[in-house]
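The values are calculated or read from the model by the stated rules, or taken from the named source; none is laboratory data. None of the values given here were measured: they were computed from a predicted structure. Backbone-built Cβ (ideal geometry, glycine too); neighbour counts: all protein chains shown. Side chains are part of the model used for accessible areas, which takes the heavy atoms of the whole protein and leaves out ligands, DNA and RNA. Shrake-Rupley method; radii C 1.70, N 1.55, O 1.52, S 1.80 Å.
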Amino acid sequence: IITYQFRPGPFVNALIEAMNFPSEAVYLVIEEINRAPAAAVFGELFQLLDRTNDGDSSYGIEVADPDLLEYIEKNAHVKLTKLRIPSNLSIFATMNSSDQAVMPLDTAFKRRWSFEYLGLNFKDAPVQQLELMTSDGLYEISWADFAEKVINSLLKEFDVAEDRLIGPFFLNSNELTNWKVTLNGKLFVYLWDDVLRYKIQDRKQLFAPDISTFGDLFARFGNEKSVHSIFGFRADELIRKYGSKAKEQNA
């Protein structure tokens, strides 16, 4: 026998919490809201997102699901005529603009939200020193400086869209403990195969012009004995500008 039982989700739980404690602020946080067709996921709750100046839903909706209605009335100790979002329940959502192509938010849905732009901030980036071969030997440079002042600086010169730039946590602390493998297998493949796939001339400024395939790049960077830089002139120049010569090469 197959049976279907109502189970509350995050929204219903937050709603009941707000109803039970009207003097307390309750927050529902949705991470990467555009990972699903948001308007469809919200369904009829979409209508509740319009708020009055006091913060309550401007319009109420009939609760079509009797199990949902029973659950809310039982746990919030109320008798509902129409469902509304109370003023003490706030909904926050994050959205990575580079992922908009996954599930773009339609205009009607977007206008019910207040948007706040959060730019890239490398202040709290993972701390890790990289050792990169340049035309002047081995140089040390922090992950933050490499990502922001070398990679992103060049991508901006190449007129790459802002949402394709490298963020401070593109590589996390755990990945950076084995940074050489991670740069090769994650960062460089992203730059080569995704961001600069159709920008061949720009790719030859970031990576050495004699590297014609990603396989060549992968092999050269992974070769511990290689004395040849994988970077093009402009990238090489920036690494030397913002880095410092590795200690073992100091006179």
Query raised in the report: Does anything in region 189-231 have its amide N under 18 Å from the 7 Å Cα→Cβ label point of residue 138, and if so which residues?
Result: 220-231
Query raised in the report: Suppose every K and R has +1 on its Cβ and every D and E has -1 on its Cβ; what is the size of the dipole of region 190-251 about the Cα centre, in Debye to the nearest 20?
Result: 200
Report task. Take the Cβ-Cβ distance between residue 244 and residue 94 as r, set R0 to 45 Å, and report the resulting FRET efficiency rounded to the nearest 0.05. Result -> 0.80
Report summary line: Expressed in Å to one decimal, the Kirkwood Rh of the chain from all distinct alpha-carbon pairs is 22.1
Report task. For the chain, set up a Gaussian network in which alpha carbons nearer than 10 Å are linked by springs, and say which option among 145, 236, 216 fluctuates the most. Result -> 216
Report summary line: Note to self: C-alpha centroids of region 22-57 and region 184-243 sit apart, in Å, by 44
Query raised in the report: Farthest toward the dipole's positive end in the chain, which of 153, 223, 71, given Cβ charges of +1 (Lys, Arg) and -1 (Asp, Glu) about the Cα centre?
Result: 223
Query raised in the report: Rounded to a whole number, what % of the accessible area of the chain do carbon and sulfur atoms account for, probe 1.4 Å?
Result: 50
Query - Residues in region 1-41 reached by a label modelled at residue 77 [backbone nitrogen below 19 Å; 7 Å Cα→Cβ] - result: 13-26
Requested in this report: Positive end of the charge dipole of the chain (Lys, Arg +1 and Asp, Glu -1 on Cβ, about the Cα centre): tell me which of 208, 97, 15 has its Cα farthest that way.
Outcome: 208
Query raised in the report: What length, rounded to one decimal in nm, is gained on full extension from residue 50 through to residue 4, with 0.36 nm per residue of separation minus their alpha-carbon distance?
Result: 13.4 nm
Report task. Could you give the DSSP H helices of the chain that reach 24 angstrom or more along their long axis (alpha carbon positions) and whose average Kyte-Doolittle hydropathy is no lower than 1.0? Result -> none
Query - Dipole axis of the chain (+1 Lys, Arg; -1 Asp, Glu on Cβ), positive-most option in 48, 167, 33 - result: 167
Report summary line: Taking r as the C-beta separation of residue 29 and residue 127 and R0 as 25 Å, the FRET efficiency to the nearest 0.05 is 0.40
**Report entry** For region 21-77, accessible area per residue (1.4 Å probe, heavy atoms of protein chains only), Å²
**Finding:** 64
